[in-house]
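Novice: Below is the structure I would like to discuss, written out as structure tokens.
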Amino acid sequence: MKIGIIKERKNPPDKRVVFSPEKCKELLETFPKLILKVEASDIRTFSDDEYRNLGIEVTDDVSDCEVLIGVKEVPIENLIPNKKYFFFSHTFKKQPYNRKLLLAILEKNIELFDHETLVDSNEIRVVAFGRYAGIVGAYNGVRTFGLKTATFSLPKAGTLKNQQDLISHLNAIQLPAIKIVLTGKGRVSNGSKEMLDAMKIKEVSFEEFLSKTFDAPVYVQLDVLDYNKRLDGQNLGMQNFFDFPQEYKSDFMRFAEVSDFYIAGHFYGDGAPFIFTRKDAKSPNFKISVVADISCDIDGPVASTLRPSTISDPIFGYNPLTEKEDDFLKEEVIAVMAVDNLPCELPEDASIGFGDQFAKHIIPSFFNNDKSGVLQRARMTSEKKLTQRFSYLQNYITDKE
């Protein structure tokens, strides 16, 4: 089995890679029948020489590899026909901007395995960058709070080396006695929780958060039933919410009325109630002044997220009264951090963590006849057709523009 680690070619440049030099060396030692080639890159967080120094082949040509693995979308002109590709294609949700990419993949007889479709037998994703989005998102949110309140200044995350470096800078500042609300209990939210815990911010229950005042910063981490309730008032459990989200309404305002800073790290499903609406944000009781929207669903559950922001320009203001962008430093304006590619700001840590997952859950399947079925479940295309599992995309590729 010959695997090629491809150069990232999408703009803006992405420094991440699926396998670090150390992970490549470990894999070659673990799987004697594996051959690894790394395509030369001048942007990758690990240099070509770091791979060469560990005996990993670096080349300008990976066309002899059976499997090609990257991070972001491969430009159509760089797709090599008749290969197996692993990358984030952003097509399986029928994203209109990548329709031509999926069409090209079919035309070139490529077997596509999207990283987001790599799931276990319980349909749980086995490889993801979510933790690192949460880590960077929390840091960026605290940085935004400092700028909004003019109380402290932090460097941009992308200028720092790793998570520990972020934590060191966070621990050099002093937060006032604010209340921070964090939504979600998955990889993203737990990544943010890591950072709040590293700052030694006290976690409190939602009852304490709502009813007490504190002389130091505190935070609460909420699951979906903490900020949503059934229209009929019944408590029928979390699965009922996932099965019938239209039968629920948001109960987040009780937190918005006592919170200063909101970190949105939840997963938002179709049909679920908005967390807070534009009408909610207009309320004189709405107290949140800073929103770090890591989930970044545009015009969705977090009303202040009008658009994604960028690594180079990460903060914009949302004026609740006009419902438009405004200067985030104005007192009545909510400061919004809504960068949608946060793991790019922590490329080394993110690459190492992602590679650990891929090595554990995916690479063995190439050598054990896909015993776990992870490759079969993830394969989106084969023999110039959609696989049965992804046949729902047929109208996406056949509809005329």
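Novice: Among the DSSP beta bridges whose two residues both lie in the range 130-345, what percent are antiparallel, rounded to the nearest 5?
Specialist: Working: 10 of 30 bridges.
Beta bridges within the range 130-345, antiparallel portion: roughly 35 percent.
Novice: Pairing the Cα long axis of helix 21-30 with the longest principal axis of the chain, what angle in degrees results, from 0 to 90 and rounded to the nearest 10?
Specialist: Long axis of 21-30 versus the principal axis of the chain: about 50 degrees.
Novice: Once fully extended, how much extra length lies between MET238 and SER283, figured as 0.36 nm per residue of separation less the alpha-carbon to alpha-carbon distance? Could you put the intermediate results ahead of the total?
Specialist: Details: separation 45, 0.36 × 45 = 16.20 nm, distance 2.88 nm.
Gain on extension, MET238 to SER283, equals 13.3 nm.
Novice: What's the angle, to the nearest 10 degrees (0 to 90), between helix 347-361's Cα axis and the longest principal axis of the chain?
Specialist: 60
Novice: Can you work out the Karplus-derived ³J(HN,Hα) for every residue in the range 254-259? Use 6.51 cos²θ - 1.76 cosθ + 1.60 with θ = phi - 60°, whole Hz, and x for glycine or proline.
Specialist: 5, 7, 4, 6, 10, 9
Novice: Continuing with this model, one more query. Cα axis of helix 187-198 to longest principal axis of the chain: angle in degrees, 0 to 90, nearest 10?
Specialist: In the chain, helix 187-198 runs at an angle near 60 degrees to the longest axis.
Novice: Within the range 140-179, list the residues whose amide N lies under 19 Å from a label point set 7 Å along Cα→Cβ of GLU348.
Specialist: Under cut-off, by backbone N: 140, 155-171.
Novice: So if we plug the beta-carbon distance of ASP399 and ASP270 into 1/(1 + (r/R0)^6) with R0 = 35 Å, what FRET efficiency do we get, rounded to 0.05?
Specialist: On the way: r = 20 Å, r/R0 = 0.57.
The formula returns an efficiency of 0.95 here.
Novice: Right, something else. Points 7 angstrom from Cα along the Cβ direction at ASP223 and ARG389: gap in nanometres?
Specialist: 2.7
Novice: Also, quick follow-up: Give me the one-decimal nm value for the distance between modelled label points at ASP197 and LYS10, 7 Å along each residue's Cα-to-Cβ direction.
Specialist: For ASP197 paired with LYS10, the spin-label model returns 3.1 nm.
Novice: From the phi of every residue in the range 327-344, what ³J(HN,Hα) in whole Hz does the Karplus formula 6.51 cos²θ - 1.76 cosθ + 1.60 yield, where θ is phi - 60° and glycine or proline is x?
Specialist: 5, 5, 7, 5, 4, 7, 9, 7, 7, 10, 10, 9, 5, 9, 9, 4, x, 4
Novice: For the chain, what is the mean residue ellipticity at 222 nm derived from helices alone (per DSSP H run of n ≥ 4: -39500 (n - 2.57); sum divided by total residues; nearest 500 deg cm²/dmol)? Spell out each step's value before the answer.
Specialist: On the way: 13 runs with 110 residues, N = 401.
Using -39500 (n - 2.57) per qualifying helix, the result is -7500 deg cm²/dmol.
Novice: Let me ask something else about it. Where the centre of each part is set by its Cα atoms, how far does the range 344-387 sit from the range 54-124, in angstrom?
Specialist: When both Cα centres are located, 11 Å separates them.
Novice: How much of the DSSP bridge set in the chain is antiparallel, in percent, rounded to the nearest 5? Intermediate values should be presented prior to the final figure.
Specialist: Numbers: 14 of 51 bridges.
Close to 25 percent.
Novice: Which distance in nm do the two modelled labels at LEU54 and HIS90 give, with both placed 7 Å along the Cα-to-Cβ direction?
Specialist: 2.9
Novice: Go through [x] 19.8, 58; [y] 20.9, 63; [z] 22.5, 65 and flag the label whose value is the computed Rg and Dmax of the Cα atoms in Å for this structure.
Specialist: [z]
Novice: To the nearest 0.05, how large is the calculated FRET efficiency for GLU323 and GLN164 if R₀ is 41 Å and r is the Cβ-Cβ distance?
Specialist: 0.55
Novice: Determine, for each peptide in 50-58, 264-272, the mean count of other beta carbons within 10 angstrom over its residues, then list the peptides with the highest first.
Specialist: On the way: 50-58: 16.0, 264-272: 18.4.
The peptides rank, most packed first, as 264-272, 50-58.
Novice: Please list, ordered by chain and number, the residues whose modelled amide H lies under 5 Å from the amide H of ASP326; skip anything fewer than 5 residues away on the same chain.
Specialist: Those qualifying (amide H under 5 Å, at least 5 residues apart or on another chain) are GLY317, TYR318, ASN319.
Novice: Give the peptides 153-163, 228-238 in descending order of average Cβ contacts within 10 Å, highest first.
Specialist: Numbers: 153-163: 15.5, 228-238: 11.9.
Answer by packing, highest mean first, reads 153-163, 228-238.
Novice: How much length is gained on full extension from SER63 to ILE35, taking 0.36 nm per residue of separation minus their Cα-Cα distance?
Specialist: Details: separation 28, 0.36 × 28 = 10.08 nm, distance 1.34 nm.
Result: 8.7 nm gained on full extension.
No lab work stands behind these numbers, since they all come straight from the coordinates. Everything quoted here is computed from the prediction, not taken from an experiment. Every residue, glycine among them, receives a Cβ derived from its backbone with ideal geometry; neighbour counts consider all protein chains shown.
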